[in-house]
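Working notes, beginning with the structure itself.
Derivation of every value follows stated rules applied to the coordinates shown; laboratory data play no part. The model shown is predicted, which means the values in this text are computed figures rather than measured ones. Cβ: placed from backbone, ideal geometry, glycine included. Neighbour counts: every protein chain shown.
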Amino acid sequence: MSARRVQNNKETSVNTITSGLAGAAAEDFENRTYARVTWRLIPFLFLCYVVAYLDRVNVGFAKLQMLNSLQWSDSIYGLGAGLFFVGYFLFEVPSNLLLYRYGARRWIARIMISWAILSAMTAFVTTPTAFYIVRFLLGVAEAGFFPGIILYLTYWYPAHRRGKITALFMTAIPISGVVGGPLSGWILGSFGSAGGWAGWQWLFMLEAVPSLVVGVMVLFYLDDSIQSARWLDADQKAMLQANIRNDGAGKLDQSIGAAFSNGKVWIMCAIYFACAMGNYGISFWLPSLIQAAGIKSLLSVGLLSAIPFAVGAVSMVLFARSADRQLERRWHLAVAMVVGAVGLSLSATFGNQAFLAIAALSFASAGIMALAPLFWSLPTAFLGGAAAATGIALINSVANLAGFVSPFLIGWVKDQTHSTSIGLYVLSGVLVAGAVTVIAAVPAKLVNK
């Protein structure tokens, strides 16, 4: 072998090693930067969603005393619980567009402070009409919060990283149940008649305080964009912005109206409607289902309600990690929907046996709580810019009409049959139909690295 060839081989080997080292260093820098972003944003957004969800679904615990205190039927409760989502539906898209225009910091703070005030006002309702009005206005106030956060995450993370990140954020739903269940049960049982107020009134008043405090904190903590983040250096900002630009290639960035005429968006609406039907069936009726299984102590109802939510929190993260690792969403989402459907059906079948009912509800929660983070990786993979702001809000608002249909359906069925079983079977059927739609209508490889 000639001396020149030996020298060339040595140079090639050195270049290969150097290139590998540079690639490893770049990957390490990227991972460390995203870890910093995650530690900065996700715990705080998680906290925001925990207090948001407490204020949204604490009416399910208030029901345990409220209906007897005010002499209302299950239908009145179901309609009032559901009217939240009518206001939510009507103002979701405008709210998200305002967030897109004015920035997340101010708009999310406005949302949280206004809904805290309205949630506290629920403590003073005495008639069905007042209950309906305040629930509707609460939906108007909260409109834009969740899709706003989903949109906000697209400003920081590319599609292949968002599945796990969205799941970490959305574990706030089951964790709010783990924390809120025992807390709500304790408030109901310990504050009855204190200061002349019923336990359910104290529930609404006390659980509104965290939202008010955290809403004010948003103004001082959140950054509207990568560029405005003072806790990142110039190299970190450049890398993050480059990844977002690359991720945006090929996405729809059209006029606001384009999202309304996009067939994919409406398919997403149908799928997420099915997901939301199962989610709100669990969220609004879980305390009543546990009580119907023979558990009478309000504190015990609260403590036992934490079990399905804890199972759901673990399942949510495991499903999302698997989906990110395999870069696959369709089958993960469909399987989770079927698991939720089976669990709800079993909870209807064994509704009078406490141990089996809670086991079935835990199984249902394992599937249902995993749905949202899996789902939101789909539309954010093909929507960008104004189309993302509109499309995400449209999907969430249309689908969250399930929050009106689901509790009202179960309440009406219970008034007619004195049982929630038929309503739970209907919710199971909707979840199965959603799973079929996912397999039939969603491309096999929508999210790529």
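Report, by residue number, each residue of the range 173-203 that is closer than 21 Å to residue 309 by Cα and surrounded by 24 or more Cβ atoms within 10 Å (Cβ to Cβ).
Hits for the range 173-203 are 173, 174, 176, 177, 180, 181, 184, 185, 187, 188, 203.
Evaluate the following for residue 73: is it over 19 Å from the mean Cα position of the chain (by Cα) and not hydrophobic (A, V, I, L, M, F, W, C)?
Judged against the criteria, residue 73 is a match.
If you go through the range 218-238, how many residues are in contact (Cβ under 8 Å) with a residue 60 or more places away in the chain, surrounded by fewer than 17 Cβ atoms within 10 Å (Cβ to Cβ) and not charged (D, E, K, R)?
Of the residues in the range 218-238, 4 are in contact (Cβ under 8 Å) with a residue 60 or more places away in the chain, surrounded by fewer than 17 Cβ atoms within 10 Å (Cβ to Cβ) and not charged (D, E, K, R).
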